[in-house]
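K.L.:
Handing you this structure, nothing more for now.
The values are calculated or read from the model by the stated rules, or taken from the named source; none is laboratory data. Predicted model, so just to flag it, every value in this text is computed and none were measured. Heads up, the Cβs are rebuilt from the backbone with ideal geometry, glycines too, and the neighbour counts pull from every protein chain shown. Ligands, DNA and RNA are stripped out before the accessible areas are found, and what is left, the full protein with its side chains, is counted by its heavy atoms. Shrake-Rupley method; radii C 1.70, N 1.55, O 1.52, S 1.80 Å.
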Number of protein chains: 2
Amino acid sequence: MTEEGALEAPTSPRSETQIMWTISQFARRFGISRSTLLYYDSIGVLAPSARTSAGYRVYDDHDVARMERIDLYRRAGLPLAGIRSILDSEGDSALRDALELRLREIDAEFRGLAMQQRVTLDLLGKSAEAAEERRLDKQGWVAILRASGMDEGDMHRWHVEFERLAPEAHQGFLVSLGINPAEVARIRASSREAGDQPHAGPEPV
Amino acid sequence: MTEEGALEAPTSPRSETQIMWTISQFARRFGISRSTLLYYDSIGVLAPSARTSAGYRVYDDHDVARMERIDLYRRAGLPLAGIRSILDSEGDSALRDALELRLREIDAEFRGLAMQQRVTLDLLGKSAEAAEERRLDKQGWVAILRASGMDEGDMHRWHVEFERLAPEAHQGFLVSLGINPAEVARIRASSREAGDQPHAGPEPV
DNA sequence: CTTGACTCGTCTACCGCTTCACGGTTGAAG
DNA sequence: CTTCAACCGTGAAGCGGTAGACGAGTCAAG
């Protein structure tokens with residue numbers, strides 16, 4: 001840089017808003033590589049506010065704020081192209097739309113990973129044992145709940161509250177236990193009834 | 001192809017082992033694109049056994065068998081380079097090693113996805129509510145267990161029994177609630193201690 | 001012999017970077 | 001003033017796995 005001396009080390013600010021960084025300092029600050037910043041500049045995600053007379057990139061606190069949002073959205077898994085349009089758009093509707101979409105993508109990726117895990121475990125011949133390691137079945141849950149002092153009435157109340165407070169999660173939970181759809185529907189229906197007008201029902205987990 | 005007539009439609013086999021496919025038929029059979037097969041050929045994962053005099057690729061049932069293994073390993077998420085060396089190696093130790101490694105990778109990817117999900121939900125402001133449709137967070141579970149009549153002591157006993165009867169599932173369950181690894185470790189340690197020598201511990205879910 | 005459906009090999013693009021190559025700038029030391 | 005190291009710039013290529021476009025060759029049927 002030249003004698004206008006705009007560039008300062010971030011550790012020694014002279015005037016309150018005139019703190020600026022070179023590309024490498026900026027990269028270290030965010031734990032990313034210089035190349036990544038060059039790439040972000042090239043695709044228009046983050047173009048530094050200024051250049052020195054020699055053409056060096058100069059990042060200021062405005063760029064810091066933008067980079068913090070980029071980092072956050074990246075940790076949500078949003079694509080850089082999407083991040084750019086979100087940052088360049090006005091309201092937060094673009095952001096919300098992108099996040100809702102991302103949520104559905106994550107769900108799909110979870111399912112894809114689970115499939116890969118099953119195939120892998122099958123190939124290893126571990127299907128029976130290892131699958132048990134990380135998933136409880138109905139009997140397992142009953143055993144745990146019983147061992148911690150719950151009786152059948154407690155378990156029924158648990159279903160009722162589960163259905164009342166989080167019906168979607170209740171469904172997902174029962175399915176995850178490998179219970180067949182018909183019985184899932186039966187348990188949920190019975191839990192809903194009991195939630196409306198309390199009467200005894202035979203539903204251990 | 002020429003008058004030796006090696007190529008037949010897969011639906012009309014004349015001699016028992018002389019069934020052969022063009023690249024596009026082969027691609028359709030496995031639900032992949034021609035480009036993919038060209039790529040597999042170029043990197044040596046699947047080179048068709050023969051060519052016609054005009055240079056057309058000819059896939060036979062030997063190639064079908066190889067492709068079926070490729071497809072299987074791909075569904076486990078193994079990289080193509082790894083698949084090639086597995087197919088070209090002798091025993092099944094290379095396969096087992098690759099699968100064990102893949103299992104650990106899948107685990108890491110699950111955790112990464114879970115982090116992305118949490119960031120996304122936080123950004124959507126949904127963190128306080130019942131997380132996603134089919135996943136409960138810690139507060140949700142506490143609420144349900146409390147509503148069904150469990151107090152903190154019951155919940156602690158529940159953790160202890162969970163840890164004792166199904167430690168792997170306990171780990172998986174806590175992670176699925178989005179609890180950070182350090183706290184997961186703390187809860188499990190506390191549950192193990194209490195399982196050995198019963199003393200009171202402050203661990204609601 | 002023409003038509004139309006196939007095939008060929010090669011090239012480009014996607015994602016989010018990383019690495020390399022080559023050269024200019026800067027600041028400090030000798 | 002020279003030299004050196006450390007920085008900076010641009011541009012291109014590469015990763016994996018797939019999709020698609022291109023012009024040209026090939027095949028079977030009419």
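K.L.:
Give me the accessible area per residue for region A:68-124, probe 1.4 Å, as a whole number in Å².
P.N.:
It amounts to 54 Å² per residue over region A:68-124.
K.L.:
Same structure again: When only DSSP loop residues count, what GluC sites (Glu not before Pro) in region B:53-105 have their Cβ near at most 10 other Cβ atoms within 10 Å?
P.N.:
B:E90
K.L.:
Distances from A:D151 to the same residue in each other copy, label points 7 Å out along Cα→Cβ, in nm, shortest first?
P.N.:
1.8
K.L.:
Amide H to amide H, which residues 5 or more places from B:M20 or on other chains are under 5 Å from it, using H placed in the peptide plane?
P.N.:
Under 5 Å from the amide H of B:M20 lie the amide H atoms of B:E8, each far enough along the sequence or on another chain.
K.L.:
Using θ = phi - 60° and the Karplus relation 6.51 cos²θ - 1.76 cosθ + 1.60, list the HN-Hα couplings for region A:58-74 in order, rounded to whole Hz, with x at every Gly or Pro.
P.N.:
Using θ = phi - 60°, the values come out as 10, 9, 10, 5, 4, 5, 4, 4, 5, 5, 5, 5, 4, 4, 4, 5, 5 Hz.
K.L.:
Just check region B:27-68 against the gyration tensor rule for me: Cα atoms, a ≥ b ≥ c as the square roots of the eigenvalues, rounded for a/c under 1.5, and otherwise prolate or oblate depending on whether a/b exceeds b/c.
P.N.:
Cα axes put region B:27-68 in the rounded bin.
K.L.:
Over both sides of the A-B contact, add up the buried accessible area with a 1.4 Å probe and give it to the nearest 100 Å².
P.N.:
4400
K.L.:
Placing a label point 7 Å from Cα toward Cβ, how far apart in nm is B:G44 from its equivalents in the other copies, listed shortest first to one decimal?
P.N.:
4.3
K.L.:
If you put a point 7 Å past Cα along the Cβ direction, how far is that point for A:R111 from the same point in each other copy, in nm, smallest first?
P.N.:
Shortest to longest, the spacings are 2.6 nm.
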